[in-house]
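Asks: Following this message is one structure expressed as structure tokens.
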Amino acid sequence: MTYAIEAEGLVKKYGEKVALDGVDLRAREGAVLGVLGPNGAGKTTAVRILATLIAPDAGTARVGGHDVVTQAKKVRELIGLTGQYASVDEKLTGRQNLVMMGRLLGLSRETARGRAKGLLERFGLTDAADRTAEGYSGGMRRRLDLAVSLVSSPRILFLDEPTTGLDPHARNELWEVVRELVADGVTVLLTTQYLEEADQLADDLLLIDRGRVAASGRPEELKARAGGHRLDVRPLDPRDLDKAAVLVGAPADERGVLSLPIHDLEEPPRILRRLDDAGIVLSEHALRLPSLDDVFLALTGAAR
């Protein structure tokens, strides 16, 4: 199997704080590797090392077959990077931002303008092309920021929490762009705190917690590790929560839902009868496959 990104034993410390503690990762060519974890897990530090912005204290990494430390220039020629916050110049128009990036990359004026025109069309920004970026909505800024990272036509793209602060509509738009890029053969390393985002986009997952890899694999493989099906029940009367928790053997979450793993599909009817016999009326119940929330709870011991 060919990997566009490979890292082994990455370590990075900031004084006494260990940001990465021996992280291994691999991203397959033309696929999305989702790097999932809470704030402070080490996701952004890993991206900064792989994008040659900082050097690791230990370990090795290769991007596009090139070492990120000894062949940093070659790596930069292959990659694009979009960080957590839009980095465009707000005083320039969308078109000017794109043309400027093209010129900085050594493109001729004509080529830079052509590239800008194509990217504005691709990201649905043609109508706003000649407005200054400071007047763009949050979703439009993120799309422009992503367009800027694609001026060099990278084959490997790092997206560091790209949908932070976006509303659901703008987030869905960005997801669709990522899917189109992957369909074109681009390799994407996506960091996110959003379990739904990883579920929607990632072909492979890496779960990082406190600077270490908690688990890795295909999304369905990790869900299987969290158990088979799950049964969710919510008592209609909140006062029945404690009693229901004892009967089903699971604590309630902040929404008043009790969720428990199911290994035998004959078990849910028995549990529902038990609750009915106890006079507990349910406002809802559902049998489902485990989510990435369940994966985090099972593999890191803490809900996210």
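Asks: So, in the stretch 82-128, of the ones that are of a type in the set (Ser, Thr, Tyr) and touching a residue at least 60 places away in the same chain (Cβ under 8 Å), which residue ends up farthest from LEU150 (Cα to Cα)?
Replies: TYR85
Asks: While we're looking at this one, here's another question. Just to be sure before I move on: is SER259 open to solvent by less than 50 Å² (accessible area, probe 1.4 Å), part of a strand (DSSP E or B), touching a residue at least 24 places away in the same chain (Cβ under 8 Å) and among the hydroxyl-bearing types (Ser, Thr, Tyr) in the structure I sent?
Replies: yes
Asks: In this structure, is ARG143 touching a strand residue (DSSP E or B) at 6+ places or on another chain (Cβ under 9 Å), open to solvent by 30 Å² or more (accessible area, probe 1.4 Å) and either basic (Lys, Arg) or closer than 19 Å to VAL186 by Cβ (or both)?
Replies: no
Asks: Among (1) assigned to a loop (DSSP other than H, G, I, E, B); (2) in contact (Cβ under 8 Å) with a residue 40 or more places away in the chain; (3) open to solvent by 10 Å² or more (accessible area, probe 1.4 Å); (4) of a type outside the set (Asp, Glu), there is one condition VAL148 misses while meeting the rest; what is its number?
Replies: Evaluating VAL148 over (1) assigned to a loop (DSSP other than H, G, I, E, B); (2) in contact (Cβ under 8 Å) with a residue 40 or more places away in the chain; (3) open to solvent by 10 Å² or more (accessible area, probe 1.4 Å); (4) of a type outside the set (Asp, Glu) leaves (1) as the failure.
Asks: Restricted to the stretch 210-224, and to residues that are open to solvent by 20 Å² or more (accessible area, probe 1.4 Å) and in contact with a helix residue (DSSP H, G or I) (Cβ under 7 Å, 6 or more places away or on another chain), which residue is nearest to VAL177 (Cα to Cα)?
Replies: LYS223
Asks: Filtering the stretch 94-136 down to residues that are hydrophobic (A, V, I, L, M, F, W, C) and assigned to a loop (DSSP other than H, G, I, E, B), which residue is most open to solvent (accessible area, probe 1.4 Å)?
Replies: Looking at the filtered set, the residue picked out is LEU105.
Asks: Still on this model: State all residues of the stretch 224-256 that are touching a residue at least 24 places away in the same chain (Cβ under 8 Å) and farther than 13 Å from LEU289 by Cα; if no residue qualifies, say none.
Replies: Residues satisfying the conditions are VAL233, ARG234, PRO235, LEU236, ASP237, ASP240, LYS243, ALA244, LEU247, VAL248, ASP253.
Asks: Among LEU25, LEU20, which is of a type in the set (A, V, I, L, M), under 15 Å from VAL213 (Cβ atoms) and out of contact with any Gly (no Cβ under 8 Å at 6 or more places or on another chain)?
Replies: Among LEU25, LEU20, only LEU25 is of a type in the set (A, V, I, L, M), under 15 Å from VAL213 (Cβ atoms) and out of contact with any Gly (no Cβ under 8 Å at 6 or more places or on another chain).
Asks: Collect the residues in the stretch 18-68 that are assigned to a helix (DSSP H, G or I) and either free of Cβ contacts under 8 Å to residues at least 24 places away in the same chain or in contact with a His (Cβ under 9 Å, 6 or more places away or on another chain) (or both), keeping them in residue-number order.
Replies: The one that is assigned to a helix (DSSP H, G or I) and either free of Cβ contacts under 8 Å to residues at least 24 places away in the same chain or in contact with a His (Cβ under 9 Å, 6 or more places away or on another chain) (or both): ARG48.
The values are calculated or read from the model by the stated rules, or taken from the named source; none is laboratory data. These figures come from a predicted structure and were not determined experimentally. We place every Cβ from the backbone using ideal geometry, glycine too, and count neighbours over all the protein chains shown. Ligands, DNA and RNA are stripped out before the accessible areas are found, and what is left, the full protein with its side chains, is counted by its heavy atoms. Shrake-Rupley method; radii C 1.70, N 1.55, O 1.52, S 1.80 Å.
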